[in-house]
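**Student:** Sharing a structure below in structure tokens format, with a few things to ask.
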Amino acid sequence: MGHACGHNLIAAAGVGAAVGLAACFDEEWGRIIVLGTPAEEGGGGKIRLINQGLFEGLDVALMFHPDAETQLVKRALAMVALDVSFHGQAAHAAASPHEGRNALDAVIMSFNNINALRQQIRSDARIHGIITHGGEVPNIIPHFAAARFMVRALDNTYLEQLLTKVINCFKAAAQASHTRLELKQDELRYDSFKPNYRLVELFRQNLKSVGLLEHPGSELANLGSSDIGNVSQLLPSLHANIAICPANLSIHTPLFAEAAASDMGQARMLLAAKALALTAIDLFCDHEYLRELKQEFGSGNI
Ligand SMILES: [Zn+2]
Ligand SMILES: [Zn+2]
């Protein structure tokens, strides 16, 4: 549906900030590196780049993300995706059901077990899934069934605890249905977002100086997962969400894709680019602030 997450504007603002900086840059200040980071969602682009060492030696990472509402800090949920499948025994569903072991029942029980677990989990956690294979025909007991789940939480530690409980739901379903469980965790695991409020404060002031003064929304509203979470656990990171359209729209819709190519979208992207460049200048010029910011990062744990 086009740029329904506005990543065209992320790219333009990153390049724009670097071009602006280059115009006044003194090489003795340090280095600016522009990293293109595709596949933010699902593809774990930044996670792959981290694994390849592209973030090594950097002091801070700065970017903005278009949105329908400005949230200078928007937390992101740690997330792991799971492919779960059950292997049973096919049998005629009317003539010899007693010879079958029903893999679809295991999937259905997994959903029911997780729904029971849901009442006892923290309100910031999410567990959601779909059935990807439910059998072939209704008169054969399904010997194979599969589902894909995502488990999310506001911090990495709770995600780990929750994951153990979710896996127990699958194990219990396998035991009850006499099927064999096969479990595959996606190796690209998304970390939670660790905010850096000193970076946010610089960016907020710079946004104000270029004429964008908004009342930022709550940092806990409308949370998803993003690979910037992994970057934010590695080094101080800014990932400010800036409204590029009226607040009644939402991302991942055709209307937002239109907004990402609109005059307002372009104008907001330029303001974001300027504020990013100014924030970088502040950091290059105030070594003490940068030192404190890095020190604070080292001691914080989210
Ligand atoms: Zn998105
Ligand atoms: Zn996005």
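Derivation of every value follows stated rules applied to the coordinates shown; laboratory data play no part. Computed from a prediction, not measured in an experiment: that's the story for all the values here. Note: ideal-geometry Cβ built from the backbone for every residue, glycine included; neighbour counts use all protein chains shown.
**Student:** Please state, to two decimals, what the Cα-based radius of gyration of the chain comes to when divided by 2.2 N^0.38 Å (N = residues).
**Tutor:** 1.21
**Student:** Further question: Give me the net charge of Asn8's neighbourhood, meaning all other residues with Cβ under 15 Å from the Cβ of Asn8; Lys, Arg count +1, Asp, Glu -1.
**Tutor:** In short, -4.
**Student:** Restricting attention to the alpha-carbon atoms of region 76-185, what are Rg (one decimal) and Dmax (integer), both in Å?
**Tutor:** Spelled out, the Cα radius of gyration and Dmax of region 76-185 are 14.9, 52 Å.
**Student:** Averaging sequence separations of C-alpha pairs under 8 Å and six or more residues apart, then dividing by the length of region 1-100, give the relative contact order as a whole percent.
**Tutor:** After rounding, I find 28 percent.
**Student:** Additional query: Less than 20 Å from a label point 7 Å out along the Cα-to-Cβ axis of Asp59: which backbone N atoms in region 1-32 qualify, by residue?
**Tutor:** Residues passing the 20 Å test: 14-15, 17-32.
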